[in-house]
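Here's the structure, in structure tokens; my notes come after.
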Amino acid sequence: MERRSPILVMLERSMGREAQPRSDFSQLSLDDWLAKFGRIYGKRHDKHTTEYMISRLVEEVAELVSPMEAQDRSTIGPSLADVFSWICSLAYKLKIDLSSLAWEKYGKNAPRPRGFPEPSISEFSQPRTLHEWQQFISKLYQNENQRLTPMNALVAMMKDVGDLAMLQRKRASSELITSKVAAILAWNLTLAELLHLDLAEVVFEKYDDHCPVCKQQVCDTDICHPFVTMYVSFGSSTTDEEKYVVLDSANRFGFRTLVDTTPELNNTRDLSSSLDLISRSDVACILLSTPPPIQIQGSAPSSPISWLESDYRQIFETMACFSTLSKGNVWIFTRDETKGLGAYLRKTFGAEQPMIFQYQDAGHLKALFEKCLEEVNEKRNK
Ligand SMILES: [Zn+2]
């Protein structure tokens, strides 16, 4: 029988070429699960900020409340799996070595309330599989868990998730943040134990080896969560015909548009209203104000071209779009990319290949824009 190198087997697994036999999931180590979620969602989460991911974890934990109140076990299991999936994705994004860290935290220095006899650590060895971790954590906290209802455990997990959001907001040290992620994992396992569920099993039931929504081994946002909302920004030199072309095309391709009507950025309230619109969008279309913008009164036609000060806001908008939506989902149009804001963006972000298109007139703009929209549609209909 042909012997294959273990590295090759591992690589094939991580590429998803070798399907995991169903019975094998119980053998997956915590690291294996982390790698699995890294493969399924890593590409998608590249586009997300840590804040966004933590807010999603908050949502997932909150989503446990109703089924727990209703004691609806058919929903509790999948919800616990979702929490685990976000913990893994977060650990993957932050490059946290979750198993070593959890062992460091709970294996060696486990916090225990006073008055409780300490279980001897010598009776444990470092857990490997998720099931072993669940047993380990529940054994470690067996005394506390006797007094703990699942609802109490959920409240405690919510507290830790809230703390994590606060630590991230305050830019706390990575040690504090990673330790909190390990604590949330411990609550995830405790909750499963209190509800007599095997976390590995419920996670496998929902995620197996793929994203449960798009069924792909590598989740693709474009298909999994189709884009529907478009942030639109017009420059001061944008003509009515150009505005019409953009809004009409976006509409015909099924987009809801959010047009930023903030004329300039004069204060932080303007800033947050622009940011609010951007964060509610999936894609963005920015028509840069491009020369020749306005004829400055009294200046000779040959004088250097300048644009309105208010157009500087488009630099901020573009940067906010790039960081919130990822550069691939931001379409920028300019009448002349060698001058003004277009040239600036090319120079500043050129290496990251933002999509900046140069158009001659409204008809040309329409053709270019609709080509972008058709590409999104193709992905949608795959
Ligand atoms: Zn998906």
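Of all residues in the range 134-147, at least one satisfies being among the basic types (Lys, Arg) and away from the ligand (no atom under 16 Å from the Cβ).
In the same structural domain as VAL155 (by TED's automatic domain parsing) and modelled with pLDDT of 75 or more, is that true of LYS36? Yes, satisfied. When the residues of the range 30-44 are filtered to those that are open to solvent by less than 10 Å² (accessible area, probe 1.4 Å) and more than 16 Å from the ligand (Cβ to nearest atom), the one that is nearest to GLU205 (Cα to Cα) is TRP33.
Applying the selection to the range 121-137, what residues are within 33 Å of the chain's Cα centre (by Cα) and either more than 16 Å from LEU30 (Cα to Cα) or not in a helix (DSSP H, G or I) (or both)? Outline the logic, then answer.
Within the range 121-137, the subset within 33 Å of the chain's Cα centre (by Cα) is 126-137.
Across the range 121-137, the qualifying residues are GLN126, PRO127, ARG128, THR129.
In the range 41-73, the residue that is nearest to the chain's Cα centre (by Cα) out of those that are under 26 Å from ASP220 (Cβ atoms) and assigned to a loop (DSSP other than H, G, I, E, B) is HIS48. Say whether the condition of being within 16 Å of the ligand (Cβ to nearest atom), open to solvent by less than 10 Å² (accessible area, probe 1.4 Å) and at pLDDT 95 or above is met by at least one residue in the range 59-73. Checked the range 59-73: no residue is within 16 Å of the ligand (Cβ to nearest atom), open to solvent by less than 10 Å² (accessible area, probe 1.4 Å) and at pLDDT 95 or above. Taken over the range 344-363, residues that are of a type outside the set (D, E, K, R) and within 18 Å of SER233 (Cα to Cα) amount to 9.
Report yes if THR338 is assigned to a loop (DSSP other than H, G, I, E, B), open to solvent by 60 Å² or more (accessible area, probe 1.4 Å) and without any contact (Cβ under 8 Å) to a residue 60 or more places away in the chain, otherwise no. Don't jump to the end; show me each part of the working.
Working: assigned to a loop (DSSP other than H, G, I, E, B): yes; open to solvent by 60 Å² or more (accessible area, probe 1.4 Å): yes; without any contact (Cβ under 8 Å) to a residue 60 or more places away in the chain: yes.
Yes; evaluated as a whole, the condition is true for this residue.
The numbered conditions (1) within 16 Å of the ligand (Cβ to nearest atom); (2) exposed (fewer than 15 other Cβ atoms within 10 Å of the Cβ); (3) without any contact (Cβ under 8 Å) to a residue 24 or more places away in the chain are all true for LEU176 except (1).
Within the range 207-249, can you find the residues that are under 27 Å from LYS339 (Cα atoms) and part of a helix (DSSP H, G or I)? First the steps, then the outcome.
To start, the set of residues in the range 207-249 that are under 27 Å from LYS339 (Cα atoms) comprises 230-247, 249.
ASP240, GLU241, GLU242, LYS243, TYR244, VAL245, VAL246, LEU247, SER249, listed by residue number.
Of all residues being over 25 Å from the mean Cα position of the chain (by Cα) and small (Gly, Ala, Ser) in the range 193-249, which is nearest to the ligand (Cβ to nearest atom)? Just the residue, please. Among those residues, the one meeting the criterion is SER249.
The values are calculated or read from the model by the stated rules, or taken from the named source; none is laboratory data. Everything numeric here is computed off the predicted structure, so don't read it as measured data. Cβ sites come from the backbone with ideal geometry, for glycine too, and all protein chains shown count toward neighbours. To get the accessible areas, we keep the full protein, side chains included, count just its heavy atoms, and leave off ligands, DNA and RNA. Shrake-Rupley method; radii C 1.70, N 1.55, O 1.52, S 1.80 Å.
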